[in-house]
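So the structure is just underneath, and the comments pick up after that.
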Amino acid sequence: MSDRVTVNIADGVADVRLNRPDKMNALDGAMVDAIVHTGESLAADPTVRAVVLSGEGRAFCAGLDFGAFRSMTGNGQSGSSGGTIGAMPDGAITHHGQRAAWVWQTMPAPVIAAIHGVALGGGIQIALGADIRIIAPDARMSVLESRWGLSPDMTLTQTVTRLTGLDVAKELAFTGRMVEGAEAVQIGLATRLADDPHHAALELAAEIAARSPHAIRATKRLMNEAHHRSPAESFAAERAEIARLIGSPNQVEAVTAYFEQRDPVYTDPDPDDHGPAA
């Protein structure tokens, strides 16, 4: 495992930290590899019930490493990930760089990004791949690619437009302007403010991890997939998920523990359980 990303798992919460503080966690090939590997490993671990994603040192992620930027050939084969696109794996919808952001969306467990310092370019795109973002008041976010004559290439077109609306997303991408914490919350880039976003994210993750993991995973699936479904398809998916949950061991435990006034004890999901068939 690369030391570019550190992971500590306790009580169902994975504390994931980008670990290149001397470079403000800027993205180079090794960092992207480590992020993708970490995300895929945690996604396959049924004991992980929530993830906190943050950066060591002064920043969440400053975006593309300038050394990687200078090595770009201009042939369209490099981008915010700082590495070559390469062949698309069979059945994949992302190349390797995009996977560093999208892996958090496809992970079954909820992901909370704790943002301090800056989240720029590829850094903001990774943060937007999380389900929830807690941001420090003085933190800054920017879709910075237009400064370098580039367009966003790490799944931003799917994430930011859902959060801010199309017109705001375009304004941010066209101008590359900096957005600080309070405005980020106001326009939808972030969920809420906290003076210590990492501490607040860990508290929220612990609260989520105390819920039935089957119910939390079902809720994330429903909400993520609703963007691609018609209302009828979404309502059918709701019925399928609730039918699987009602009377299941964890659902019975949730009710029993509530009436017995004790903490519930849940079983972890089967790692091969990906929800009802579409």
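The values are calculated or read from the model by the stated rules, or taken from the named source; none is laboratory data. All figures in this text were calculated on a predicted structure; none of them were measured in a lab. Don't worry about glycine lacking a Cβ; one is built from the backbone with ideal geometry, like all the others, and counts go over all protein chains shown.
Please go through (1) more than 24 Å from Leu27 (Cβ to Cβ); (2) free of Cβ contacts under 8 Å to residues at least 12 places away in the same chain; (3) under 18 Å from the mean Cα position of the chain (by Cα) for Thr161 and return the number of the only condition it doesn't satisfy.
(1)
What's the number of the only condition in (1) assigned to a loop (DSSP other than H, G, I, E, B); (2) closer than 21 Å to His95 by Cα; (3) in contact (Cβ under 8 Å) with a residue 40 or more places away in the chain that Ser151 fails to meet?
(3)
Between a first residue in the range 260-278 that is polar (S, T, N, Q) and a second residue that is modelled with pLDDT of 80 or more and surrounded by fewer than 13 Cβ atoms within 10 Å (Cβ to Cβ), which pairs have beta carbons less than 9 Å apart while being 6 or more apart in sequence or on different chains?
Thr267/Pro249
Given the residues Ala182, Ala169, which is the only one that is without any contact (Cβ under 8 Å) to a residue 60 or more places away in the chain, small (Gly, Ala, Ser), touching a Ser or Thr at 6+ places or on another chain (Cβ under 9 Å) and in the same structural domain as Gly67 (by TED's automatic domain parsing)?
Ala169
Quick test for you: out of Gly55, Gly76, Gly82, Gly12, pick the one residue that is of a type outside the set (A, V, I, L, M), modelled with pLDDT of 95 or more and at positive phi.
Matching residue, one of Gly55, Gly76, Gly82, Gly12: Gly12.
Determine, yes or no, whether Ala119 is small (Gly, Ala, Ser) and in a helix (DSSP H, G or I). Step through it out loud before you land on a result.
Details: small (Gly, Ala, Ser): yes; in a helix (DSSP H, G or I): no.
In short, no.
May I ask you to say which residue of His228, His274, His199, His214 is surrounded by fewer than 16 Cβ atoms within 10 Å (Cβ to Cβ) and either in a helix (DSSP H, G or I) or within 17 Å of the chain's Cα centre (by Cα) (or both)?
Exactly one of His228, His274, His199, His214 is surrounded by fewer than 16 Cβ atoms within 10 Å (Cβ to Cβ) and either in a helix (DSSP H, G or I) or within 17 Å of the chain's Cα centre (by Cα) (or both), namely His199.
Considering only residues that are over 13 Å from Asp3 (Cα atoms) and of a type in the set (Ser, Thr, Tyr), which ones fall in the range 22-45?
Ser41, the sole residue that qualifies.
Regarding Asp195, is this residue in contact (Cβ under 8 Å) with a residue 40 or more places away in the chain, among the acidic types (Asp, Glu) and in contact with a helix residue (DSSP H, G or I) (Cβ under 9 Å, 6 or more places away or on another chain)?
When the stated conditions are applied, Asp195 does not pass them.
Looking only at the range 41-61, count how many residues are in contact with a Gly (Cβ under 6 Å, 6 or more places away or on another chain) and among the aliphatic types (A, V, I, L, M).
1
Please tell me if Met141 is at pLDDT 95 or above and over 11 Å from the mean Cα position of the chain (by Cα).
yes
Being of a type in the set (A, V, I, L, M, F, W, C) and within 27 Å of the chain's Cα centre (by Cα) is the filter here; which residues of the range 231-253 pass it?
Selection gives Phe235, Ala236, Ala237, Ala240, Ile242, Leu245.
Please state which of the following conditions Ala236 fails to meet, knowing it meets all the rest: (1) over 30 Å from Gly121 (Cβ atoms); (2) loosely packed, with under 13 Cβ neighbours inside 10 Å.
So Ala236 meets the others, but not (2).
Answer with yes or no whether Arg162 is in contact with a His (Cβ under 7 Å, 6 or more places away or on another chain), under 22 Å from Trp104 (Cα atoms) and surrounded by fewer than 15 Cβ atoms within 10 Å (Cβ to Cβ). Reasoning before the result, please.
Details: in contact with a His (Cβ under 7 Å, 6 or more places away or on another chain): yes; under 22 Å from Trp104 (Cα atoms): yes; surrounded by fewer than 15 Cβ atoms within 10 Å (Cβ to Cβ): yes.
Criteria met by Arg162.
Please name all residue pairs, on different chains or six or more residues apart, with Cβ atoms under 8 Å, provided the first residue is in the range 198-209 and is among the charged types (D, E, K, R) and the second residue is at pLDDT below 95 and crowded, with 20+ Cβ neighbours inside 10 Å.
Partner pairs satisfying both residue conditions: none exist.
Working carefully through the options Val36, Val52, find the one that is assigned by TED's automatic domain parsing to the domain that holds Ala101, closer than 18 Å to Ile124 by Cβ, outside any helix (DSSP H, G or I) and touching a His at 6+ places or on another chain (Cβ under 8 Å).
The conditions single out Val52.
For Ala243, which of the numbered conditions (1) in a helix (DSSP H, G or I); (2) among the aliphatic types (A, V, I, L, M); (3) assigned by TED's automatic domain parsing to the domain that holds Leu144 fails to hold?
(3)
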